[in-house]
1. Could you please give the count of residues in segment 103-117 that are in a loop (DSSP other than H, G, I, E, B) and either surrounded by 11 or more Cβ atoms within 10 Å (Cβ to Cβ) or not assigned by TED's automatic domain parsing to the domain that holds residue 43 (or both)?
2. Being modelled with pLDDT under 95 and on the phi < 0 side of the Ramachandran plot, is that true of even one residue in segment 70-80?
3. If residue 127 satisfies all but one of (1) over 9 Å from the mean Cα position of the chain (by Cα); (2) surrounded by fewer than 16 Cβ atoms within 10 Å (Cβ to Cβ), what's the number of the condition it fails?
4. How many residues are more than 15 Å from residue 128 (Cα to Cα) and in a loop (DSSP other than H, G, I, E, B) if we restrict to segment 38-56?
5. State the number of residues belonging to segment 73-100 that are under 14 Å from residue 59 (Cβ atoms), free of Cβ contacts under 8 Å to residues at least 24 places away in the same chain and in contact with a helix residue (DSSP H, G or I) (Cβ under 9 Å, 6 or more places away or on another chain).
6. Name every residue in segment 101-115 that is touching a helix residue (DSSP H, G or I) at 6+ places or on another chain (Cβ under 9 Å) and free of Cβ contacts under 8 Å to residues at least 12 places away in the same chain, in order of residue number.
C-alpha cells in the first residue's frame, strides 16, 4: 500500500516537472518568434541586392509590404504565379515566403531564402515598420 502511494506521488511529481519543462520550452519558442527590427534592418541588407524600401528594382519596393496583396504594386512586373497567388503579406505568409518562395508560389521569380526562423522574424519585424 505504501509503495503504491509512493509511486503515485512520484508520478504526480514527474508529471508536474514535465509540465514545467514544457511550459518553459513553449515560452522560449514564443520569445524567439518575436522579431527584433533593429537586427532585421541589418539582415535586410542581403535583400537589397534585389529590393529597396522606396523603389522598385529587380524586385518590388518593400515600403508598405506588410498588409499588401501580393503582386499588387502597379508599376512592377510580377510573375504570373505571384500575381495570381491571392496572398496577402502578413507575418505568417512572409515567414513561409522567406523560408522557401518557390514552395509557397511555384513559378515565382524570387529565389532568396532565409533559413533561420529568428532571422525571418527579425526581417519581418523590420518590414512591419516600413509603412
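1. Total meeting the criteria: 9.
2. Within segment 70-80, one or more residues are modelled with pLDDT under 95 and on the phi < 0 side of the Ramachandran plot.
3. (2)
4. 4
5. The number of residues fulfilling the criteria is 1.
6. Within segment 101-115, 103, 111 meet the criteria.
The values are calculated or read from the model by the stated rules, or taken from the named source; none is laboratory data. What you see is a predicted model, and the numbers here were worked out from it, not measured in a lab. Neighbour counts run over all protein chains shown; Cβ positions are idealised from the backbone, glycine included.
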